[in-house]
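Q: I am attaching a structure below and will ask some questions about it afterwards.
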Amino acid sequence: MGFKIKMNESEEKIIVSPSLLSANFANLERDIKKAKDGGADWLHIDVMDGHFVPNITIGVPVVKSIRQITDLILDVHLMIENPEKYIDAFVKAGADILTVHYEATGTKTRDILKKIKSLGIMAGLSIKPKTHPEEINEYISLADLILVMTVEPGFGGQDFMPECAEKLEYIKQRQLDGQYLQVDGGINAETADICKKLGANSLVAGSYIFGNNDITQGIQSLKK
């Protein structure tokens with residue numbers, strides 16, 4: 001099982017969580033080490049089932065293997081149907097954060113967030129670009145992390161959708177102190193600046209980091 005994160009961490013710095021979706025899967029351990037050496041705080045792992053989103057990526061066995069080669073915080077994003085069926089398995093595999101999608105949890109959202117937190121890790125809730133933030137009002141204070149997608153989830157390398165970033169300010173005003181507001185999709189130095197000004201304190205970036213000749217420079221440019 002992963003370790004509990006200090007909830008005041010968000011008040012101290014911008015958290016950068018490189019997305020492994022853009023890493024070289026033939027050299028995953030190498031890229032993870034580069035990310036850590038470059039100043040990454042967390043490691044974002046996208047789990048897709050080919051149903052909730054039109055792509056299939058990695059599952060529990062790979063998360064378990066990643067846990068064995070790094071002490072970075074594993075920020076696991078479940079883009080899958082019926083995520084409640086897999087919570088225990090991903091926690092056992094070593095996830096430190098489990099983020100589920102509101103569009104997949106619906107009326108079960110409250111119970112699923114409670115279940116994740118009861119296992120001693122952080123619970124995140126994500127929304128797709130077409131979901132209005134008002135829809136998750138009652139859950140904002142219950143989640144340790146809210147993730148706003150600024151692209152349609154499924155594939156890396158998409159263009160940033162500025163209209164989605166506007167949701168950040170609304171959510172930030174309703175979060176409790178110490179909670180995380182994360183953004184994912186088309187993040188680079190320029191779009192990161194937009195998101196930080198709107199309240200984001202955790203940035204997920206894939207191609208901008210792993211496609212950069214200098215991974216350290218890419219990560220540090222997001223922290224500035």
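The values are calculated or read from the model by the stated rules, or taken from the named source; none is laboratory data. This one's a predicted model, so the numbers in the text were calculated from it and none came from an experiment. Neighbour counts are summed over all protein chains in view; Cβ atoms, including those assigned to glycine, are modelled from backbone coordinates with ideal geometry.
Q: Between a first residue in region 120-142 that is within 8 Å of TYR102 (Cβ to Cβ) and a second residue that is of a type in the set (Val, Ile, Thr), which pairs have beta carbons less than 6 Å apart while being 6 or more apart in sequence or on different chains?
A: Going by the 6 Å Cβ cut-off, the qualifying pairs are LEU125/ILE146; SER126/THR99; TYR139/THR109.
Q: What residue, among those in region 72-87 that are touching a residue at least 24 places away in the same chain (Cβ under 8 Å) and assigned to a loop (DSSP other than H, G, I, E, B), is farthest from the chain's Cα centre (by Cα)?
A: Taking the candidates together, the pick is GLU81.
Q: Quick check: anything in region 134-147 over 19 Å from ASP46 (Cα atoms) and surrounded by 20 or more Cβ atoms within 10 Å (Cβ to Cβ)?
A: Looking through region 134-147, at least one residue is over 19 Å from ASP46 (Cα atoms) and surrounded by 20 or more Cβ atoms within 10 Å (Cβ to Cβ).
Q: What number of residues within region 123-166 satisfy the criterion of being within 14 Å of the chain's Cα centre (by Cα) and polar (S, T, N, Q)?
A: 2
Q: On to the next question. Quick one: which helices (runs of 4 or more DSSP H) sit completely within region 132-211 and have at least 3 residues that are at negative phi and of a type in the set (Val, Ile, Thr)?
A: In region 132-211, there are no helices (runs of 4 or more DSSP H) which contain 3 or more residues that are at negative phi and of a type in the set (Val, Ile, Thr).
Q: Here is a list: ILE140, ILE136, ILE187. Which entry is hydrophobic (A, V, I, L, M, F, W, C) and closer than 17 Å to ASP75 by Cβ?
A: Going through ILE140, ILE136, ILE187 in turn, the sole match is ILE187.
Q: Determine whether region 31-48 contains at least one residue that is among the charged types (D, E, K, R), closer than 14 Å to LEU74 by Cβ, modelled with pLDDT of 95 or more and not in a strand (DSSP E or B).
A: Yes, because at least one residue in region 31-48 is among the charged types (D, E, K, R), closer than 14 Å to LEU74 by Cβ, modelled with pLDDT of 95 or more and not in a strand (DSSP E or B).
Q: Of all residues in region 113-126, how many are of a type outside the set (D, E, K, R) and surrounded by fewer than 22 Cβ atoms within 10 Å (Cβ to Cβ)?
A: Summing the residues that are of a type outside the set (D, E, K, R) and surrounded by fewer than 22 Cβ atoms within 10 Å (Cβ to Cβ) in region 113-126 gives 4.
Q: For region 1-30: of the residues being at pLDDT 95 or above and in a loop (DSSP other than H, G, I, E, B), which is surrounded by the most Cβ atoms within 10 Å (Cβ to Cβ)?
A: Checked region 1-30; the qualifying residue surrounded by the most Cβ atoms within 10 Å (Cβ to Cβ) is ALA23.
Q: Here is a follow-up. Say whether the condition of being closer than 29 Å to ASP111 by Cα, surrounded by fewer than 19 Cβ atoms within 10 Å (Cβ to Cβ), touching a helix residue (DSSP H, G or I) at 6+ places or on another chain (Cβ under 6 Å) and not small (Gly, Ala, Ser) is met by at least one residue in region 38-60.
A: Yes, region 38-60 contains at least one residue that is closer than 29 Å to ASP111 by Cα, surrounded by fewer than 19 Cβ atoms within 10 Å (Cβ to Cβ), touching a helix residue (DSSP H, G or I) at 6+ places or on another chain (Cβ under 6 Å) and not small (Gly, Ala, Ser).
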